[in-house]
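So the structure is just underneath, and the comments pick up after that.
The values are calculated or read from the model by the stated rules, or taken from the named source; none is laboratory data. Bear in mind the structure is a predicted one, so any value in this text is a computation, not a measurement. Counting neighbours? That spans all protein chains shown, and the Cβs are built from the backbone with ideal geometry, glycine included.
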Amino acid sequence: MTPPAQHDVLVLGGGNAGLSLAGRLRRDGCRDVAVVEPKDVHEYRPLLSYVAAGMATVDDLTRPQDDVVPDGVRRYADRVVGVDAERSVVRLAGGTELGYGDLAVCPGAEVDWDAVPGAQEAVGTPHAATSYVTGLAAKTWTMLSSLTSGRVVFAVSARHVPCFPVAYKPLFVAADHWRRAGVLDAIDIQLVVEAHRLVDDPRAEPALRAAADRYGVHVRTGTRLDSVDAADRTVRLRGQHGTSTTAYDALYVAPPHRAPGWIADSGLATPESDGFVAVDPRTLQHVAHPRVWGLGDAAAVDAMPSGGALRRQVPVVARNIQARRKGTPMQHYDGYTVAPVTTSRRELLLAEYDREGRPDPGFPLVDLARPRGSLLLFDRYLQPPIYWRRLVQGKVS
Ligand SMILES: Cc1cc2nc3c(=O)[nH]c(=O)nc-3n(C[C@H](O)[C@H](O)[C@H](O)COP(=O)(O)OP(=O)(O)OC[C@H]3O[C@@H](n4cnc5c(N)ncnc54)[C@H](O)[C@@H]3O)c2cc1C
């Protein structure tokens, strides 16, 4: 049997986490970095919320994968099917085996339709949609913007949803649209949030509540979407006081997510990590396999997954790979995460906090948790070029 091709650092998944890390390792002088990524198109996923809010198109968020893989990084256009951490070998769907010095596991999370019976069937109808599936994001705005009366339910799960407060972006932009169209009073807007707060940043919560009050949104926190009956157009909700059934004319879902199954099948998860890569949330090193690292949406890092969180996770993993090799002290990820939320068609606030829920503002001199027009322009128009030119190229400090 031929021995597997060997790479100094092998990265599984060429999304935000994988490409940022690969680029950063190359910048730090690592000569042999390879990424396994099956998709030929790379997505800047934060723009999906703007597609769902009628402020961007899917074309705006996609680039050919090979154009964005950082220089000097080899890409395997294949899918990982398993990792044998005892032998330090990764198996690909096409039958190739790859060996590694260090392994970074970052294949993201996937929508868990099984967790909400009926939801997948519902988003196949014109009356329900989500921004969490690329092919359904544009339909979200078609559905919301054409509503002139009736009840709309926005159901936002807290189970591993990447950057879940961004699900309020289509809500507030749509409410603004209904207000300008003169139909806001004819629409009953129900926001059902599984978490106990709209966002874990105590500075941003009042501003989001104020925006909800302004548009007459009925907010129910601590309530989850249990199931959907697409034929009857009803949702079953479960809160502290039991279950209830509500009819809808339009339904937006931010569905629960789960880790790819091969992570647990490869022994890289623990019962506590719920199928996600079991890492020390500070060093991002695997709890049982010192040469395996986890970051991004697929890793159990005890913080809300977000692209912004990767700006801190990527340098930590890059430095800790070197620290492990040299036997020097490791750096820590503090659980920083961020959620940009529009409060109207013109304004946006930034919720930034650490894993204890403490505010962790990137620019402490300006209160970015207050809605601002300049922040919306930054998030919608400046952040994407920064992503393509800097973040996925590993220019993260
Ligand atoms: C609708 C939406 C809006 C968002 N808005 C924001 C925002 O405004 N701000 C913010 O900070 N964050 C936002 N996020 C979160 C952000 O996009 C994610 O946190 C970030 O993309 C995570 O990067 P990742 O590399 O871990 O996962 P991903 O970006 O999902 O990339 C994972 C990659 O792994 C690949 N992969 C999967 N399985 C395999 C396999 N078996 N083998 C090899 N490769 C595989 C996939 O093809 C994919 O390219 C949003 C996310 C969504 C979905």
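When segment 189-204 is examined, which residues are found to be surrounded by fewer than 16 Cβ atoms within 10 Å (Cβ to Cβ) and either modelled with pLDDT of 95 or more or of a type in the set (D, E, K, R) (or both)?
Step one: of segment 189-204, the residues surrounded by fewer than 16 Cβ atoms within 10 Å (Cβ to Cβ) are 196, 202.
Listed by number, the list holds a single entry, 196.
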### Message
For segment 1-88, give me every one of the helices (runs of 4 or more DSSP H) that falls completely inside it and has 3 or more residues that are closer than 30 Å to residue 255 by Cα and touching a residue at least 60 places away in the same chain (Cβ under 8 Å).
### Response
16-27, 47-52
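Within the bounds of segment 91-109, is there any residue that is in a loop (DSSP other than H, G, I, E, B), small (Gly, Ala, Ser) and over 28 Å from residue 80 (Cα atoms)?
Residues of segment 91-109 that are in a loop (DSSP other than H, G, I, E, B), as a first pass: 93-96, 106-109.
Right, trim to small (Gly, Ala, Ser) and you get 93-95, 108-109.
This time we only want the ones that are over 28 Å from residue 80 (Cα atoms), so: none.
No, segment 91-109 contains no residue that is in a loop (DSSP other than H, G, I, E, B), small (Gly, Ala, Ser) and over 28 Å from residue 80 (Cα atoms).
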### Query
Taking segment 347-397 only, how many residues are touching a residue at least 60 places away in the same chain (Cβ under 8 Å) and of a type in the set (D, E, K, R)?
7
### Query
Name the helices (runs of 4 or more DSSP H) wholly within segment 275-393 that hold at least 1 residues that are within 12 Å of the ligand (Cβ to nearest atom) and not assigned by TED's automatic domain parsing to the domain that holds residue 42?
373-377, 383-389
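Within segment 45-75, how many residues turn out to be polar (S, T, N, Q) and more than 13 Å from the ligand (Cβ to nearest atom)? Outline the logic, then answer.
Of the residues in segment 45-75, the ones polar (S, T, N, Q) are 49, 57, 62, 65.
Filter again for more than 13 Å from the ligand (Cβ to nearest atom), leaving 57.
The total comes to 1.
Go through 353, 336 for me and flag whichever is surrounded by fewer than 24 Cβ atoms within 10 Å (Cβ to Cβ) and among the aromatic types (Phe, Trp, Tyr). Reasoning before the result, please.
Working: 353 fails: surrounded by fewer than 24 Cβ atoms within 10 Å (Cβ to Cβ).
From the options 353, 336, the qualifying one is 336.
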### Task
Give the residues of segment 135-167 that are assigned to a loop (DSSP other than H, G, I, E, B) and under 23 Å from residue 352 (Cα atoms), sorted by residue number.
157, 158, 159, 160, 161, 162, 163
### Of all residues in segment 290-304 being of a type outside the set (A, V, I, L, M, F, W, C) and surrounded by 24 or more Cβ atoms within 10 Å (Cβ to Cβ), the one that is nearest to the chain's Cα centre (by Cα)
297
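What about residue 97, is it free of Cβ contacts under 8 Å to residues at least 60 places away in the same chain, more than 30 Å from residue 146 (Cβ to Cβ) and either touching a Pro at 6+ places or on another chain (Cβ under 9 Å) or of a type in the set (Asp, Glu) (or both)?
So residue 97 fails the test.
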